[in-house]
Amino acid sequence: MTRLAPTTTWKYRRTGIAGIVELASWRGAGPLGLKPHFHDETQIVLVLAGSRTFRIDGATVTVPAGHAAFIPAGMLHAPMATSDADTVCLNAYVPASHSPSTFRISRITRRWQTTGSISPEQILEIADDIASREHVHVSTTSDKAKLSDGLAESAERIGKMAARLGRSREGFTRMVKRQLGVAPHAFRVLARLNLARRLLRQGSPIAVAAAEAGFSDQSHLTRLFRRTFGTTPGVYWRD
């Protein structure tokens, strides 16, 4: 069983369990706010005590205790600061394949035996349960997917990319913000942060991950990583 100890930052750990990329836990009181971001994996937010609040698609959504939120891979979300009430939360990151396309909340009170204790098998059961409630979209050829893949994988300057698509830079920026939620450069930074996180998870030294993900140096990665994921690359790499 996973028991959550008090912490001042998000604590990440790999599980070695098929179907779960990694877990992140928080137990304590105080702000949980982070910068808007997305993940390459689907995120399951299990709120065991207190509540979590997110800003998604212009709406504020609160996930109360006894519920799980399902955030599809690639969905921009902004975790918002909470009150000083004690919060117990477990995030599970699962492969993005066959991910439902929408943010969903499901009641899961009966899924654990005691507050702060939940097994990986129960997490996977919750994931399967939520995913089964919506038709799964497996296409990777949508305009949104093409746009996000193009921005993440290309080093082409934004102005040149806009011109190649027959748009002004300003028009292209508006289109990207409308479809992906952030401006082109901000999206690329988030994609690079996800790449750095994946490299760290695979065991790359922090300096190597920073360089390969396109950050100017290790300190640059560290600043953005903590503001986005709630911990430092060093702590994340060691867990």
If we keep only residues of the range 71-88 that are assigned to a strand (DSSP E or B) and at pLDDT 90 or above, then the residue farthest from Gly30 (Cα to Cα) is Ile71
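Listed here are the residues, each with its yes/no results for (1) within 12 Å of the chain's Cα centre (by Cα); (2) open to solvent by 30 Å² or more (accessible area, probe 1.4 Å).
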position	(1), (2)
Ala49	no, no
Gly66	no, no
Pro72	yes, no
Ala81	no, yes
Cys89	no, no
Exception for His37 within (1) at pLDDT 90 or above; (2) crowded, with 17+ Cβ neighbours inside 10 Å; (3) farther than 25 Å from Arg178 by Cβ falls at (3)
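Which is part of a strand (DSSP E or B), modelled with pLDDT under 90, of a type in the set (A, V, I, L, M) and not assigned by TED's automatic domain parsing to the domain that holds Thr228, of Leu48, Leu32?
Details: Leu32 fails: part of a strand (DSSP E or B).
Only one candidate qualifies: Leu48.
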Given the conditions (1) in a helix (DSSP H, G or I); (2) within 20 Å of Gln43 (Cβ to Cβ), every one holds for Val182 apart from (1)
Subset of the range 162-221, residues open to solvent by less than 20 Å² (accessible area, probe 1.4 Å) and either in contact with a His (Cβ under 8 Å, 6 or more places away or on another chain) or of a type in the set (D, E, K, R) (or both), comes to Leu190, Leu193, Asn194, Arg197, Ala210
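Can you name the residue in the range 49-68 that is aliphatic (A, V, I, L, M) and in contact (Cβ under 8 Å) with a residue 24 or more places away in the chain and, of all such residues, is farthest from Ala81 (Cα to Cα)?
Filtering the range 49-68 down to residues aliphatic (A, V, I, L, M) leaves 49, 56, 59, 61, 63, 65, 68.
Subsequent filtering for residues that are in contact (Cβ under 8 Å) with a residue 24 or more places away in the chain retains 49, 56, 61, 63, 68.
On the way: Ala49: 15, Ile56: 14, Val61: 12, Val63: 13, Ala68: 18 Å.
Looking at residues that are aliphatic (A, V, I, L, M) and in contact (Cβ under 8 Å) with a residue 24 or more places away in the chain, I get Ala68.
The values are calculated or read from the model by the stated rules, or taken from the named source; none is laboratory data. Every value quoted in this text rests on a predicted model; they were computed, and no experiment measured them. Backbone-built Cβ (ideal geometry, glycine too); neighbour counts: all protein chains shown. Remember, those area values only see protein heavy atoms, side chains included, never the ligands or the DNA or RNA. Shrake-Rupley method; radii C 1.70, N 1.55, O 1.52, S 1.80 Å.
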